[in-house]
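*Asks:* Got a structure here, written out as structure tokens. Questions coming.
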Amino acid sequence: MADRPFKTGVTHVDAVETAEKLGTTVDEVVATRITEEDVMKQSATDLIFRSRAGLRLCGIMFVMGCNQAGYGIDWAVISGINSFDRWHTYYSFDNAGVIIGTINALMTVGTFVGAPFLALGDTFGRRGVNFLGNFLVIIAALLQGLAPNLPCFFIGRLVLGFGTALCTAPQYMAEIAPVHLRGRLVGIFGACFQLGSIVMNAAMMGFTKWDSDWQWRLPLILEALFPFIVCSTIYFLCPESPRYLVMKGKQAEARSVIAKYMTTHNDINAPIVGLIMTQIEESLEESNTGVRAAWDYRVFFTKEVRYRTIVLAIYSVFQQWNGGGIIGNYLAPALDTIGITTPLDQLGINLGLTSVYFVFTAFGSYLIDIFRRRTLIFAGLISIIIFQTAVTITSWQYTETSSRATAILTVLWIFGFQVCSASFIATMHNLYPVEILSLPLRAKGMGLYAMFQGAAGVVNTYAISLGIQQLGYKIWAVYIGYNLVQLVASYFIFPETSKLSLEEIDTIFETKSTDPVKLSLKISKAKQERARADRDETQA
């Protein structure tokens, strides 16, 4: 069977024209069409996870999980070695201030510089870019771990950030996952970040007893472990994304991948195969943007794509500035403000926080397919604001009384912050940005998202480092104010994307004469009513 070029000639329904003929609204036409197709229900019907297809998906999860765990290791290493006096002595700097701020920021700067190259995923494939990113992380780990001086260490941080930008894999996971498992698989993938952190945090507690510079050098070198596993296995266990294959005109190969990983018996004639192929082709055909050169980011500032860009920018800032950075990169100086100063105590708390985050991120991967995306975002922000307020109050009390009880309460509130952030929001960070981008925009869009994150992250990293020095515990109040603003912005700007295929989500943004938020909520309501009617019919 010969592969067809990108332009498929697929016929599709014009929602505006249909609405005019029927004398109804465009929103009603779109909501009815998507509800009747019910791709999620068909996906669940055609795939039983306890099958060879399920085992193949587990193979993908192993590779991509290692990909994410590798990123998590750096999070643990940089946070952990900040408690090691030998590291500070070797390079002659304190655990807060300009130097540590630069070390953390350079990772983010590297991510910002590397992010545009994610667009090469449309040229060399999702796997090719991922392989390159992990390979660069291996080099960066060696540069950092063996660095004889700060300039060499700085270069390692830059290369690490650049490589990490390329080895990000939420896009691949969302494109390869069966529709009814997308939230769950992407959620488990995200939890593997904490798995890498847990392993390294536990190891670093043991390294505290090592009276040698290898105490901090070895953890940095071990950052190469998971990337090495990814580079060794990605081309054996992970297929290319079917959406990328369709975009390259390789329809036959795309059908084969969908059948192999989204149907129980590798059935190329299963209904879900044709349904997904049709949706992908229609989405490409209807796209207002078309497939452009990898370097061409101007499309994100056109009228047709501007709303997606706004959502992407606001969400990226939301991810960086919600206060989690204090716990991630600056836990040691934050704990110093409440009298917890010994390296073993700080590392123990860090390990506990990371373990809790891992458990509840895994829990959140189940919630993501039960509750609406918007509901989880609202719940996450409200709970984060509550716990940050509690942290501020008890930290203030500690400065007044130096009471051990207030210090313990502060740590308890920080654990509560982790529980709510992991349960409600963590899965969203790897899923929502991918969902709001159409196929022609996705590779470049994830690059743009990483650039937004990088820019916000650099500001956030320096702000926390200097803020802890200048404000102490009062820095939490800054994040309370920001999260209140974010809560209001989320209500009016973020559309609902749950229980929809990636191509159905495109309809929300590309249907003319509609408001994306209102249309998404109408579709969500129509799906709920359809599900309720089906249950009533079954029980009758």
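*Asks:* With every protein chain kept in place and ligands, DNA and RNA left out, what is the accessible area per residue of region 85-222? Probe 1.4 Å, answer in Å².
*Replies:* I get 34 Å² per residue for region 85-222.
*Asks:* Sorted by accessible area with a 1.4 angstrom probe, largest first, how do Arg298, Arg404, Arg86 fall?
*Replies:* Accessible-area ranking of Arg298, Arg404, Arg86, largest first: Arg404, Arg298, Arg86.
*Asks:* Can you list the lysines whose alpha carbon sits under 23 Å from that of Lys518, skipping same-chain ones fewer than 8 residues off?
*Replies:* Lys21, Lys303, Lys499, Lys527
*Asks:* Amide H neighbours of Thr497 under 5 Å, counting only residues 5+ apart in sequence or on other chains, H built in-plane at 1.01 Å?
*Replies:* Sorted by chain and number, the residues that satisfy this are Arg373, Arg374.
*Asks:* What is the spin-label model distance, in nm, from Ile314 to Asp536 if the labels are put 7 Å beyond Cα along the C-beta direction?
*Replies:* Going by the 7 Å Cα→Cβ label model, 3.5 nm.
*Asks:* Continuing with this model, one more query. Based on the mean of other Cβ atoms within 10 Å per residue, sort peptides 120-129, 167-176 so the most packed one is first.
*Replies:* Going by the mean number of other Cβ atoms within 10 Å, highest first, we get 167-176, 120-129.
*Asks:* Shifting gears a bit: May I ask for the angle, rounded to the nearest 10°, between helix 126-145 and the longest principal axis of the chain, with both axes built from Cα atoms and the value confined to 0 to 90°?
*Replies:* Tilt of helix 126-145: around 0 degrees.
*Asks:* Then there is this: Keeping all protein chains in position, work out how much accessible area Asp85 exposes to a 1.4 Å probe, and write it in Å² to the nearest 10.
*Replies:* 110 Å²
*Asks:* Let me ask something else. Among 43-56, 433-446, what's the highest-first ranking by average C-beta atoms within 10 angstrom per residue? Before the final figure, lay out the partial values.
*Replies:* On the way: 43-56: 15.9, 433-446: 24.6.
By packing density, highest mean first, the sequence is 433-446, 43-56.
*Asks:* Projecting each Cα onto the charge dipole of the chain (Lys/Arg +1, Asp/Glu -1 at the beta carbon, about the Cα centre), which of Thr507, Ser438, Met204 comes out farthest on the positive side?
*Replies:* Met204
*Asks:* Using a 10 Å cut-off on Cβ atoms, rank the peptides 60-66, 232-238 from the highest mean neighbour count down.
*Replies:* Highest-to-lowest ranking by the protection proxy: 60-66, 232-238.
*Asks:* While we're looking at this one, here's another question. Would you mind telling me the share, in percent, of accessible area of the chain contributed by carbon and sulfur at probe 1.4 angstrom? Provide the component values of the computation, followed by the final result.
*Replies:* Working: 13610 of 21310 Å².
C and S atoms contribute 64 percent here.
*Asks:* Solvent-accessible area of Cys420, probe 1.4 Å, all protein chains present, reported in Å² to the nearest ten, please.
*Replies:* Only protein atoms counted, so the area is about 20 Å².
*Asks:* What ³J(HN,Hα) values, in whole Hz, does the Karplus curve 6.51 cos²θ - 1.76 cosθ + 1.60 give for region 305-311 when θ = phi - 60°, with x put for Gly and Pro?
*Replies:* Ordered by residue, 3J(HN,Hα) equals 10, 4, 5, 4, 4, 4, 4 Hz.
*Asks:* Something else now. Could you give each residue of region 514-529 its phi-based ³J(HN,Hα) in whole Hz, using Karplus coefficients 6.51, -1.76, 1.60 with θ = phi - 60°, and x for Gly or Pro?
*Replies:* Each residue of region 514-529 in turn: 9, 9, x, 5, 5, 5, 5, 5, 5, 4, 4, 5, 5, 5, 5, 5 Hz.
*Asks:* Work out from phi, with θ = phi - 60° and the Karplus expression 6.51 cos²θ - 1.76 cosθ + 1.60, the ³J(HN,Hα) of each residue of region 116-121, listed in order in whole Hz, and give x for Gly and Pro.
*Replies:* Along region 116-121, the couplings run x, 6, 4, 4, 5, x Hz.
*Asks:* Given Lys250/Lys444; Lys260/Lys522; Lys260/Lys512, which pairs have Cα atoms separated by over 24 Å?
*Replies:* Where the Cα-Cα span goes over 24 Å, the pairs concerned are Lys260/Lys522; Lys260/Lys512.
*Asks:* Rounding to the nearest 20 debye, state how big the charge dipole of the chain is about its Cα centre with +1 on each Lys and Arg Cβ and -1 on each Asp and Glu Cβ.
*Replies:* That gives a dipole near 320 debye.
*Asks:* Mind grabbing the accessible area of Lys474 for me, 1.4 Å probe, Å², rounded to tens?
*Replies:* Counting only protein heavy atoms, Lys474 exposes about 110 Å² to solvent.
*Asks:* OK, next. Students sometimes get this wrong: rank Ser212, Ser490 by accessible area, probe 1.4 Å, all chains present, largest first.
*Replies:* Details: Ser212 30, Ser490 0 Å².
Sorted descending by solvent-accessible area, the residues read Ser212, Ser490.
*Asks:* Let me ask you something else. Report the relative contact order of the chain, percent, no decimals, based on alpha-carbon pairs under 8 angstrom and at least 6 residues apart.
*Replies:* Working: 860 pairs, mean separation 137.2, N = 540.
Relative CO of the chain lands at 25 percent.
*Asks:* Heavy atoms only, 1.4 Å probe, whole protein assembly: order Asp94, Asp296 by accessible area, highest first. Could you put the intermediate results ahead of the total?
*Replies:* Values: Asp94 115, Asp296 10 Å².
My answer, sorted largest first, is Asp94, Asp296.
The values are calculated or read from the model by the stated rules, or taken from the named source; none is laboratory data. Fair warning: this is a prediction, and the values are worked out from it, not measured in the lab. Virtual Cβ from ideal backbone geometry, glycine too; neighbours counted across all protein chains shown. For accessibility, only protein heavy atoms count, side chains too; no ligands or nucleic acids. Shrake-Rupley method; radii C 1.70, N 1.55, O 1.52, S 1.80 Å.
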